[in-house]
């Protein structure tokens, strides 16, 4: 058999394994298209339905795309335009949006295999990395939540760009440069994480030459990646100078908080632990959390030191992790960890490859099984949240129905269920896009439910003040707009919380420091032609606003 025939066979097999990795990602989230929309998912849909092109035009301009909150807080035109195209196809039907996420996720799993295979030339390491990536439990937020697609899309284009870079570096064909730069541009239009693409390209080129025992100086590696630096530098300058993005957030945190967030991110990435349990545990033991993160890093370095066969892959994974995990120093958001998960999966695959050959496959199998169990747990929580979402929407529309209803006042509305997003701050948008006809919708407070059927206890303090309270451990009120200093992370009893109606004051705190009870005052409030609703026991119910009623 000649060389060309052998090359064709190897290429076909590589694409077959890549397809298998993508299929694993598809199977992992099979049925996700049956979920409803949640939280910020309706932000763009609401604007498109009621304002058309004028509703999204501000998001496409740098000077206006970084004001306010939600989609307006960032300049991500590709995501906006992609969602607009979907709206023209699917309208308000959620299945199409979820299917798009699943398809992109499956393709991303295939790209992980192709990139690792192209760089290190090992089918075992590439397949192990891709399989661990496909079933990583943290990806639930990026696949099942339509709003989590920003990291998903950006990562997809970053991987496309890096794969094109490696192909160009090996073949010298200039067509790969233009392909890589175009993918890099789309990544920048999806999320700011793509600004890190040139650093990841440097790491990929270093790993490639190290694995192939090719002599190359640092200057040579940097020179090869020069074209990949141009767009991120220009885009970063535009974001910094042409938008108020940098001034919209508080970037400064204490060293301890930064270490906790980074350590928590590493622990979450390296293990299938339940996010809720880890958060509850780390809140009480911050020093132990930092030590656990440091221990994970030290363990990885130990394996790097003791092995040669997969050393370059593990170091590449560690560099990837260190570069892409930087944005989590402010907050450990699960959807932020999509890109860093590629690095941790490389490291874990390298750890398995460092053992004797007879142990490699069993170790990878155990890791994949552990991640799969974590994924099943996350999908179950999402299913619970989705059930609450459906119940909330159905009961809201039923109780607020009627042409005579001019105003709907909602005392409590679900924002999260077991830390999975539900209505969030978009209750009125959900109400409107599903046919709600009231002229005005006012939300008094948002709640995060630990128990999806948690009951809100209501009692009157006096003729104008109502106390809303959760039992300990069942749920908390979310002070999204506390009138204390916005950069403070702790809220105390007596603080006032912004509200669409009435005055809301923190009455009691939970053991963990969350808001467990609030006092709501309605002074001279006219309830004629209004319906007052309360979310309790998993659904909205009518509520008599005045004590004498």
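The values are calculated or read from the model by the stated rules, or taken from the named source; none is laboratory data. Predicted model, so just to flag it, every value in this text is computed and none were measured. Cβ placement follows ideal geometry from the backbone for every residue including glycine, while neighbour counts extend to all protein chains displayed.
Conditions (1) more than 24 Å from residue 74 (Cα to Cα); (2) over 21 Å from the mean Cα position of the chain (by Cα), marked per residue:
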position	(1), (2)
113	yes, yes
120	yes, yes
128	yes, yes
144	no, no
164	yes, yes
171	yes, yes
182	no, yes
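For segment 113-185, list the helices (runs of 4 or more DSSP H) that sit wholly inside it and hold at least 2 residues that are at pLDDT 95 or above and in the same structural domain as residue 227 (by TED's automatic domain parsing); which are they?
Values: elements: 123-134, 140-143, 149-171.
Helices (runs of 4 or more DSSP H) meeting the threshold: 123-134, 149-171.
For residue 362, indicate whether it is modelled with pLDDT of 90 or more, more than 24 Å from residue 289 (Cβ to Cβ) and not in a helix (DSSP H, G or I).
Numbers: modelled with pLDDT of 90 or more: yes; more than 24 Å from residue 289 (Cβ to Cβ): yes; not in a helix (DSSP H, G or I): no.
In short, no.
Is it true that some residue in segment 378-388 is buried (at least 18 other Cβ atoms within 10 Å of the Cβ) and over 25 Å from residue 146 (Cβ atoms)? Checking segment 378-388: not a single residue is buried (at least 18 other Cβ atoms within 10 Å of the Cβ) and over 25 Å from residue 146 (Cβ atoms).
Every condition in (1) under 27 Å from residue 13 (Cα atoms); (2) surrounded by fewer than 23 Cβ atoms within 10 Å (Cβ to Cβ) holds for residue 126 except the one numbered (2). Considering every residue within segment 18-30, establish whether at least one is over 29 Å from residue 130 (Cβ atoms) and modelled with pLDDT of 90 or more. Checking segment 18-30: not a single residue is over 29 Å from residue 130 (Cβ atoms) and modelled with pLDDT of 90 or more. Of the residues making up segment 191-220, those that are more than 16 Å from residue 122 (Cα to Cα), assigned to a helix (DSSP H, G or I) and at pLDDT below 85 are 218, 219, 220. For segment 475-498, filtering for residues that are modelled with pLDDT under 50, part of a loop (DSSP other than H, G, I, E, B) and within 26 Å of the chain's Cα centre (by Cα) leaves 5.
Which one is farthest from residue 495 (Cα to Cα) among residues in segment 449-474 that are in a strand (DSSP E or B) and touching a residue at least 40 places away in the same chain (Cβ under 8 Å)? Give the derivation first.
Residues of segment 449-474 that are in a strand (DSSP E or B), as a first pass: 449, 457-460, 465-469.
With touching a residue at least 40 places away in the same chain (Cβ under 8 Å) added as a condition, the list becomes 449, 458, 460, 465-469.
On the way: 449: 21, 458: 20, 460: 19, 465: 16, 466: 16, 467: 15, 468: 15, 469: 16 Å.
It comes out as 449.
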